[in-house]
Ligand code: BGP
C-alpha cells in the first residue's frame, strides 16, 4: 500500500447526531431538534422526547471516554461539527454563549492531548431554529452576516487548536432537503427553483467569506468545501443516457465548481435561462466568491445511474441517488455498494480541480448484534463492515497510485450515532457500539466491535494490513 506517511486516518461525527444535551449549556434549538423522523417529515412546532437526536449518544457528557477510545485506535484526526446554536443560541445575537465555546475548548484539548487533530465542520445541518423561523434560513441574505460573525468568533477562539476546517456539510443536499440543509421554512413543494438557487448563492457567498476569514485569522489552517459525493454513471451506452449523466453530475459539480474555482461555471447560463432563475448576485458577491477553498472534501457511500428513459425510476438510497445499477449490491437501506466508484470519483475530482481531496465520510450503516464472548466481553462481529471498509480503502490506495492527492480518510460514525436520514440508531456505522435503542432505552455503555481492532491495525500499519 502507498498511503503517504502523514495520511490523516480517523473518524467522523456531527454534533446533532452525537452530542445530545440539546437544551444544556445554554444551547438554542437547531433544525434537528424538531425533525423527529429525519428528513422525510415536516418539522414539528416543538421538540418531543421521541426525537432520538435530543439525547444522541450523550457525547456532550462522555466525550472524554469516546476520544480516549479513538486515541486507542490511533486516530490522527477526528472530524466533528460545532453546533452553531451552542455558540449563538438564536443565531442573530451580538455576543456568543461562553458555555458553548468552553465545551468545544475542552473537546479540542482532549483531542490534542492524544495528538489527534480536530477537523471541524462549521455547519452540519445545524442551523439555529430561530434563523429558520424569523428569517427563513438561507433564503435570506442577512443570514450570511450572522454566519460570518459566528465563524469569526470560532476561528478566533480556536485558532491555536484547530487547523482543519470545513464550511457546509454536503452543501449540495439543499435542493433535496431545504429545511435541514438550508434552514428554509417554506415547505419544499412551495419553493421555486429560483428560491432554492438564491439560498444556495447565499450559502456559497457565506462559505467563501468563511474561507477568507479563516485564512486571515489562522494563516496556517486549511479550509475545504464538503460535497455529498455520488458518481453518476450512464445506465447504458446510449448517448442520451450519457448526456443525462453529464447533466446529473453537474447538479452536484455546480457546488464544488464555484467553491473551488471562484465563479459560476459556463453551463449555469443555460440552466438558469431554462429554469427561469434570475439570481441577485452583487459585485461584492463576485469578489467574495474568489476566496476559494484549499481542498475538497466529500462523503461517499454509493454511486448511482442516470437514464433518459422516464420509466426508469430512482432506487432507494441516500438523499441524492439515481436509477439502480444492475451490477451492484445494496445495503439494507438500499444504498448501492461500489468501492471502485470511490476510486472513480477521487480521480474525477482530481482531474477536474487538481486540488487535494479528503474523504470525510464513508462507511456501512448496518444492524449490529451485540454478543457475549466466552470470556464475558460483549462485542459485535461486524465482518460485513470490515469488508466494506477494506474494499473501499483498497480503492483509495489505487487512486493514490493513480496520482490523486488524498489528504485523509475519516470513516462516518466512528462511534454509533443517530442516523441522519432515518433518525434511527439501529442503522449503525461505528467501530464502537453504543447501547441505545430506537425506543430510547439503553445504558449508553460503549463496547468495542471487531472492526475496532481491525481499524487500529490499519492505522498502525498505515494501510499495509489492508
Ligand atoms: C450524510 C451526512 C451524515 C450521515 C451520513 C449517513 O449524508 O452528512 O450526517 O448521517 O450521511 O447517513 P445516515 O445517517 O442517514 O445513514
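Write out, first by first residue and then by second, each pair whose Cβ atoms fall under 8 Å of each other, whose residues are 6+ apart or on separate chains, and whose first residue, in the range 433-458, is on the phi > 0 side of the Ramachandran plot while the second is not in a loop (DSSP other than H, G, I, E, B).
Between residues of the range 433-458 that are on the phi > 0 side of the Ramachandran plot and residues that are not in a loop (DSSP other than H, G, I, E, B), the close pairs are 440/52; 442/434; 444/62; 444/434.
Looking at 355, 378, which one is touching a residue at least 60 places away in the same chain (Cβ under 8 Å) and surrounded by 15 or more Cβ atoms within 10 Å (Cβ to Cβ)?
Only one candidate qualifies: 355.
For the subset of the range 403-414 comprising residues that are crowded, with 24+ Cβ neighbours inside 10 Å and part of a loop (DSSP other than H, G, I, E, B), which member is nearest to the ligand (Cβ to nearest atom)?
My answer is 413.
Test residue 346 against the stated conditions and say whether it is more than 30 Å from residue 435 (Cα to Cα) and crowded, with 17+ Cβ neighbours inside 10 Å.
yes
Just give me the residues in the range 333-352 being more than 16 Å from the ligand (Cβ to nearest atom) and either out of contact with any helix residue (DSSP H, G or I) (no Cβ under 9 Å at 6 or more places or on another chain) or modelled with pLDDT under 95 (or both), in sequence order.
Scanning the range 333-352 gives a single hit, 351.
Name the helices (runs of 4 or more DSSP H) wholly within the range 31-117 that hold at least 2 residues that are surrounded by fewer than 21 Cβ atoms within 10 Å (Cβ to Cβ) and without any contact (Cβ under 8 Å) to a residue 60 or more places away in the chain?
Counting at least 2 such residues, we get 59-73, 98-113.
I'd like to know if the range 359-366 contains one or more residues that are touching a residue at least 60 places away in the same chain (Cβ under 8 Å), out of contact with any helix residue (DSSP H, G or I) (no Cβ under 8 Å at 6 or more places or on another chain) and not in a loop (DSSP other than H, G, I, E, B).
yes
Inspect the range 415-438 for any residue being touching a helix residue (DSSP H, G or I) at 6+ places or on another chain (Cβ under 7 Å), away from the ligand (no atom under 16 Å from the Cβ) and not in a strand (DSSP E or B) and give the result as yes or no.
Scanning the range 415-438, I find no residue that is touching a helix residue (DSSP H, G or I) at 6+ places or on another chain (Cβ under 7 Å), away from the ligand (no atom under 16 Å from the Cβ) and not in a strand (DSSP E or B), so the answer is no.
Any residue that is touching a helix residue (DSSP H, G or I) at 6+ places or on another chain (Cβ under 7 Å) and buried (at least 20 other Cβ atoms within 10 Å of the Cβ) - is there at least one of those in the range 261-284?
No, the range 261-284 contains no residue that is touching a helix residue (DSSP H, G or I) at 6+ places or on another chain (Cβ under 7 Å) and buried (at least 20 other Cβ atoms within 10 Å of the Cβ).
The values are calculated or read from the model by the stated rules, or taken from the named source; none is laboratory data. The structure displayed is predicted, hence computed values, not measured ones. Cβ atoms come from the backbone with ideal geometry, glycine included; neighbour counts cover every protein chain shown.
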